[in-house]
Amino acid sequence: MSNKDKTKNSFEFGKLFLIEYKNYPKDQQDAIALFIKTFLDHGLDDFSNYKGKVTYSWKGLECDHPSFAFTRNNSLWHYHIGIPDYRQSPYFNYHTSDYILHFMLLCNRTKIVLIDTTAHYRPDRTFWLPNPEYLDY
Amino acid sequence: MDAVKNDMYMNLSGQLTTKAKPGYYSAANPVIIDIARLQAAIDAPRYSITEQECESVDSIREALLAFSI
């Protein structure tokens, strides 16, 4: 076997995420499962494999922003899962949605840990980050 | 040249100061390991999904639901 063979992508899930998953609506469960399937098949090297926008959660934050350390140190990313529906971005070639899936991207981008599903923004329009206890896996 | 015996570092106020190096291997600061907690972490089940379960969206969904029970 060549030592240049690609590392297999894998996923895990937070303990609280697993408990709450069974209570998600079916379309939300399916959207998350589709994201997992896409990641296992393609990884995150090419975002065009994903219909929704996928990005790291410290994007655009200054280093001294309160959320920068939390998101960066925990390698938190998020994916727009299309719940309740997708909207085409007028500026870029991806879709956004009201609800996003938070996950940690680990092991040189070959492993994801599913953390939580939340609305993209809180009522005060701040980015809705998962609570720290959700990071336990 | 004599070996450096003290570390110099910036304290919070920004002034240079010196302090004796801490005894990294001092027997006065033993490390206490909670063996029970460590063993419980080692023995904790790790959820795993087979390749067959990852073949489709439905099978992934069913596998996750099975873990949730």
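The values are calculated or read from the model by the stated rules, or taken from the named source; none is laboratory data. Since this is a predicted model, take the numbers as computed values, not measurements. Here Cβ is always computed from backbone atoms with ideal geometry, including for glycine, and neighbour counts include all displayed protein chains. The area values use the complete protein model at the heavy-atom level, side chains included, leaving out ligands, DNA and RNA. Shrake-Rupley method; radii C 1.70, N 1.55, O 1.52, S 1.80 Å.
In the range A:108-127, the qualifying residues are those that are without any contact (Cβ under 8 Å) to a residue 24 or more places away in the chain and of a type outside the set (D, E), and the one that is most open to solvent (accessible area, probe 1.4 Å) is A:R125. Scanning the range A:9-28 for residues that are of a type in the set (D, E) and under 14 Å from A:I100 (Cα atoms) turns up just one, A:D27.
In the list A:F35, A:F11, A:F39, which residue meets the criterion of being within 11 Å of another protein chain (Cβ to nearest Cβ), of a type outside the set (G, A, S), assigned to a strand (DSSP E or B) and under 12 Å from the mean Cα position of the chain (by Cα)? Only one candidate passes the filter, namely A:F11.
Rundown of residues vs (1) closer than 23 Å to A:D136 by Cα; (2) within 14 Å of another protein chain (Cβ to nearest Cβ); (3) of a type in the set (A, V, I, L, M, F, W, C), yes/no style:
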position	(1), (2), (3)
A:S57	yes, no, no
A:E62	no, no, no
A:Y86	no, no, no
A:N93	no, no, no
A:K111	yes, yes, no
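Scanning the range A:52-91 for residues that are without any contact (Cβ under 8 Å) to a residue 12 or more places away in the chain and open to solvent by 70 Å² or more (accessible area, probe 1.4 Å) turns up A:K59, A:G60, A:E62, A:C63, A:D64, A:H65, A:P66, A:N73, A:R87, A:Q88, A:P90, A:Y91.
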